[in-house]
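The values are calculated or read from the model by the stated rules, or taken from the named source; none is laboratory data. All figures in this text were calculated on a predicted structure; none of them were measured in a lab. Here the Cβ positions follow ideal geometry from the backbone for every residue, glycine too, while neighbour counts run over all protein chains shown. SASA here: full protein model, heavy atoms, side chains in, ligands and nucleic acids out. Shrake-Rupley method; radii C 1.70, N 1.55, O 1.52, S 1.80 Å.
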Amino acid sequence: MRVIGLMSGTSYDAIEVAAADLALDGDTLLLRPLGHLSLPYPDDLRDLIGATLPPAATTTQAVCALDTGVGQAFADAAGRALRELCGGTADLVVSHGQTVHHWVENGAVRGTLQLGQPAWIAEATGLPVVSDLRSRDVAAGGQGAPLVGMTDTLLLRALPGTPAALNLGGIANVTVLAPGAEPLAFDTGPANALLDAAVRHFTGGAATYDEDGRRAAAGRTSPELLRALLEDPYYRRPAPKSTGKEHFHLPYLQRALEKVPTPDPDDVVATLTRLTAVTVADACRAHGVTELVVSGGGTRNPVLMRLIAEELPGVRLRPSDDLGLPSDAKEALAFAVLGFLTVHGLPGALPSGTGARRATLLGSITPGSVPLRLPEPAARPPRLLRIDRPAR
């Protein structure tokens, strides 16, 4: 089955698109990547997303406009993938949409909202679309995040020791696979969320992120500010747990700076970079991680990667590319996997990773231009992921 995966994370800088051929062979899921694209949001749509995200107030009109705008942008992205990556032929599109709210109260997720009306994608491509993949897990008592835990687990099972997968997006999440234990997946805290907010604030919007970690490299960590940030109760909550920009946003940072004034903007950025490294490392140490497979936009920040390595001496760090999963496309491919599982009647979330009462089928299906015909349900879920790497 040829599947297109669409993803936009909490940084909302671009739509990540990946395509793959997927097949089940006994207890192994075979994945052959076909390529990936990164397509920036139009400026006006990106601005509307930023103006709508918490803690900003919004209106139902703005939410409706976003649902349509994101849906149309995802439809354009799927069309490009169909033409440029799939040779005009595919079987399924899987759309994560754009998260605009992840409703957490006292550690429990009450709801989650991803916008991007899938009807636009189905209409533009003629293909069936699996979307809204988080809500069913939430309804079953889970966190609805991080959903990359399934793909991570299938990938990590081939590695020795206690391997973990780390994704550095707006929020950092890890999946840990310890011998003899159920997989564990959770958000460790902010990765780029506070960093990007700080850079936008200090530059008046002239820059949107710390390119190549230059600001962090120019600054010094403030021990006082770091201690204040680490007092957040989120870090002490047990897994499974999830968070988002509803919690880690610019006003959150500004409140911390009121308590611990830090005049030099580069020192603030350096401290936030260290915060991500410390919270990731604390999570890994707590679960005895021996190897860390890293992906996401944060891998392009050499200062952040160096600090994580410093905080985890003796733990091998390597990009997911080493295992055949392109770092920039990993989440889009992970959602392609989830949609593939859904249409084959297989659950896509791990209860040990999300805290759900049971494993559930994920998502809703929007038919394409022809009557919907799903594959025969699979006899059993896969245990391993094997990646057919393209020839060089």
Check: C-alpha center the stretch 5-26 vs C-alpha center the stretch 135-175, spacing in Å is 15 Å
Placed amide H near residue 348: partners under 5 Å, 5+ positions off or other chain: 360, 362
Ellipticity estimate at 222 nm from DSSP helix runs (n ≥ 4, -39,500 (n - 2.57)) divided over the chain, nearest 500: -10500 deg cm²/dmol
In degrees, nearest 10, range 0 to 90: what is the angle between the Cα axis of helix 330-343 and the longest Cα principal axis of the chain? 40 degrees
Inter-part distance where the stretch 80-132 and the stretch 204-262 are each reduced to a Cα centre, Å: 30 Å
Find the Rg to Rh ratio for the chain, where Rh is the Kirkwood radius over alpha-carbon pairs and Rg uses the same atoms. 0.95
Listed by chain and number, the lysines with an alpha carbon less than 23 angstrom from that of residue 259, same-chain partners under 8 positions apart left out, are 245
Antiparallel bridges, percent of DSSP beta bridges restricted to the chain (to nearest 5): 65 percent
Principal-axis tilt of helix 302-311 within the chain, Cα atoms, nearest 10 degrees: 80 degrees
The rounded separation in angstrom of the Cα centers of the stretch 51-73 and the stretch 330-392 is 28 Å
Residue-wise HN-Hα coupling along the stretch 242-252, computed from phi with Karplus coefficients 6.51, -1.76, 1.60 (Hz; x: Gly, Pro): 8, 8, x, 6, 5, 9, 9, 9, 4, x, 4
Just check the stretch 291-349 against the gyration tensor rule for me: Cα atoms, a ≥ b ≥ c as the square roots of the eigenvalues, rounded for a/c under 1.5, and otherwise prolate or oblate depending on whether a/b exceeds b/c. prolate
In Å², and per residue, what accessible area does the chain have when probed at 1.4 Å with the other protein chains present? 41 Å²
The chain: relative contact order from alpha carbon pairs under 8 Å, six or more residues apart, as a whole percent, is 24 percent
Taking amide H positions as placed 1.01 Å from N in the peptide plane, with prolines and chain starts having none, which residues 5 or more places from residue 189, or on another chain, fall under 5 Å of its amide H? 172
Karplus-derived 3J(HN,Hα), 6.51/-1.76/1.60, for each residue of the stretch 188-201, Hz, glycine and proline x: 7, x, x, 10, 9, 4, 6, 4, 5, 4, 5, 5, 4, 5
Backbone HN-Hα couplings from phi across the stretch 273-288 [Karplus 6.51/-1.76/1.60, Hz, Gly and Pro as x]: 5, 5, 4, 4, 4, 5, 5, 5, 5, 4, 5, 5, 4, 4, 10, x
For the stretch 102-208, what does the alpha-carbon gyration tensor say about shape, rounded, prolate or oblate, given a ≥ b ≥ c as the root eigenvalues, a/c under 1.5 as rounded, and a/b over b/c as prolate? oblate
Say the dipole of the stretch 233-320 comes from +1 at the beta carbon of Lys and Arg and -1 at that of Asp and Glu; which of 260, 235, 307 then lies farthest toward its positive end? 235
Angle in degrees between helix 60-84 and the longest Cα principal axis of the chain, rounded to the nearest 10: 60 degrees
Amide H proximity to residue 104 below 5 Å, modelled H, separation 5+ or other chain, gives 110
Could you please state how large a percent of the accessible area of the stretch 316-363 is carbon and sulfur, counting protein chains only and using a 1.4 Å probe? 50 percent
Global geometry of the stretch 296-392, whether rounded, prolate or oblate, following the gyration tensor of its Cα atoms and the 1.5 cut on a/c: prolate
